[in-house]
Amino acid sequence: MAEPAARILADLAARGRPVGVEVLAPYDELHAMGKAGTDGLAALAEVTAADRVVDLGCGTGGPARRLAARFGARVHGIDRHRGWIAAARHLTVACGLQDRVSLAVGNVCDTDGTEAGRFTLVWTQHVGMAVADKRAFFATARRLVAPGGRLALFDVLRTGADSPDPAFPVPWADRAADSHLIDAETLTRGLATAGFRVRLWQDVGAEALARIEAALARPGLVTADDGPALTVGPDWPERVRNLRDGMAAGHLTLVRLVADPV
């Protein structure tokens, strides 16, 4: 069994908790706001059982499983980390969702093996900050979306083009060389160049910061042995605090959006 999945399932067994999408959320919703972030983006994108979703940068598959379980969507997750895809497959089987969720190792900037125009919804959460080639990333999303489909994106942004980097590590990067933050204007321009028009835009930085602050204030929720740390590693608390500090200083914010192909 893939190591992250083994750690997660062992922890659940030790706690006497059955495996399921809701129970797994503290371990596999590896983005700010956790499952509430996924639910918020799903509401904005109006996800339904009719959707064929591709999750670009799916990680260990938490949002993909949530979209399948809560809305009945069929979801195909892609991530470059073989270990995370292996873990995602084990956890998906453990949840009994393998008939609705498929997973593959792949590059979110080069998905030529995936059928163009196949998906009614291209979904990505907290991935763009770690992607250097934004042009290729957005072009991939545009290639995969079906006519009449849409893109749903939830990301961390700089509040301005000259906003400084946060301290590292952060949840998406170990060092500055691995972090590729942009501001809202650059994001909007990049999407337009790729052939998307933003229809809905929400800045949820204040809400996300409040949630992070509340979690940090409650002992045991952001520690070296909590859910995300079992998946990402024992430096998870430091990563969360560095993100919090960057947001509290006004240098970072979080946005979610829906964009239509044009």
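Just so you know, all these numbers are worked out from the coordinates, no wet-lab data involved. It should be emphasised that the depicted structure is a prediction, and the values quoted were computed from it without experimental measurement. Here the Cβ is made from the backbone with ideal geometry for all residues, glycine too, and neighbour counts use every protein chain on show.
Observations, loosely collected:
- Pairwise centroid distance, computed over Cα atoms, of segment 74-116 with segment 1-28, Å: 18 Å
- Förster radius 25 Å - calculated FRET efficiency between Glu46 and Ala116, Cβ distance, rounded to 0.05: 0.60
- Kirkwood radius and radius of gyration were both taken over the C-alpha atoms of segment 97-249, and their ratio Rg/Rh is 0.99.
- Karplus-based coupling profile of segment 114-128, in residue order and whole Hz: 9, 4, 5, x, 7, 10, 6, 9, 9, 10, 8, 10, 6, 10, x, with θ = phi - 60° in 6.51 cos²θ - 1.76 cosθ + 1.60 and x standing for Gly or Pro.
- Additional length obtainable on full extension of the chain from Asp133 to Asp245, 0.36 nm per residue less Cα span: 37.7 nm
- Charged-residue dipole, Cβ positions (Lys, Arg, Asp, Glu), segment 169-255 about Cα centre, Debye nearest 20: 300 debye
- Fluctuation leader among Ala86, Ala64, Ala177 - the chain, Gaussian network, Cα springs under 10 angstrom: Ala177
- For segment 3-261, size of Cβ-based charge dipole, Lys and Arg +1, Asp and Glu -1, in debye: 640 debye
- Ascending count of other beta-carbon atoms within 10 Å, so fewest first, for Phe138, Phe168: Phe168, Phe138
- Residue order, fewest to most beta carbons within 10 Å, for Val19, Val170, Val131: Val19, Val131, Val170
- Relative exposure of Ile85, Ile8, judged by other C-beta atoms within 10 Å (fewest first): Ile85, Ile8
- Base-10 log of normalised Debye intensity for the chain (one unit scatterer per alpha-carbon) at q = 0.09, 0.13 Å⁻¹: -0.36, -0.79
- Net charge, Thr48 excluded, C-beta distance under 13 Å - Lys, Arg +1, Asp, Glu -1: +2
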